[in-house]
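Peer 1: Below are the structure tokens for one structure; questions will follow.
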Amino acid sequence: MEDLAAKKCVPCNSKDLQAMTEESANDLLSKVAGWNLVNENGTPKLNRSWKVKSFTKGLELFKLVGNVAEAEGHHPDLHLVGWNNITIEIWTHAVGGLTENDFILAAKINGLNLHHLLRKKAAA
């Protein structure tokens, strides 16, 4: 299988875009280290959390993720809770579930250099 981070997200208005099965999602999950599958009110999502060094480092992380999301045309839900707890949720709103786009974005986020923003004991 091609490296997910090398792929490009397809437009969410594509007629061929459909939510993937739970089995397909579980197969791709191994390709995006640190991400978890969660089910929120019947909607499957990718979820990952980090602890950052400071509030402003959290905003820097959001900026880096935002740049990738904008380039892909696929936008995650970003949460800064407290002063240093970051959670990102990815799912394809247009289909109400997960698509390969979500895993592509997760892989691209995993490729970002975030170490200078994270606390030493970062949550996976």
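Peer 1: For a footprinting-style exposure proxy, rank E89, E70, E22 by other Cβ within 10 Å, fewest first.
Peer 2: E70, E22, E89
Peer 1: Report the calculated FRET efficiency for F55 and L17 (r = Cβ-Cβ distance, R0 = 35 Å), to the nearest 0.05.
Peer 2: Here the calculated transfer efficiency is 0.45.
Peer 1: Can you pull a Stokes-Einstein diffusion coefficient for the chain at 4 °C (1.567 mPa s), Rh from Kirkwood over Cα pairs, as a whole number of µm²/s?
Peer 2: Value of D from the Cα-based Kirkwood radius: 88 µm²/s.
Peer 1: How far, in degrees from 0 to 90, does helix 55-72 lean away from the longest principal axis of the Cα atoms of the chain, to the nearest 10?
Peer 2: 20 degrees
Peer 1: Which residues in the stretch 55-73 have a backbone N closer than 18 Å to a point placed 7 Å from the Cα of L80 along the Cα-to-Cβ line?
Peer 2: 55-70
Peer 1: Restricting to DSSP loop positions (anything but H, G, I, E, B) with no more than 12 other Cβ atoms inside 10 Å of their own Cβ, which trypsin sites (Lys or Arg not before Pro) remain in the stretch 18-80?
Peer 2: Sparse-neighbourhood loop trypsin sites (Lys or Arg not before Pro): none present.
Peer 1: Here is a follow-up. Assuming 0.36 nm per residue, please report the length gained on full extension of the stretch R119 to S30 beyond their Cα-Cα distance.
Peer 2: Roughly 29.6 nm would be gained on extension.
Peer 1: Compare L59, L98, L46 in a GNM of the chain, Cα atoms joined below 10 Å, and give the one with the largest fluctuation.
Peer 2: Per the Cα network of the chain with a 10 Å cutoff, L59 tops the list.
Peer 1: Could you pull out every one of the lysines with an alpha carbon less than 22 Å from that of K45, ignoring same-chain neighbours closer than 8 positions?
Peer 2: Hits, sequence-local ones excluded: K7, K8, K15, K31, K63, K108.
Peer 1: Still on this model: Place a +1 charge on the Cβ of each Lys and Arg in the stretch 19-110 and a -1 charge on the Cβ of each Asp and Glu, then give the dipole magnitude about the Cα centre in debye, rounded to the nearest 20.
Peer 2: It comes to approximately 540 debye.
Peer 1: For the pair V68 and V95, how long in nm is the line joining their label points, each one 7 Å along Cα→Cβ?
Peer 2: Inter-label distance under the simple model: 2.0 nm.
Where a number appears in this text, it was derived from the coordinates with a stated rule and is not lab data. Just so it is clear, the structure is predicted and the values come from calculations on it, not from any experiment. So basically every Cβ, Gly included, is an ideal-geometry build from the backbone, and we count neighbours across all protein chains shown.
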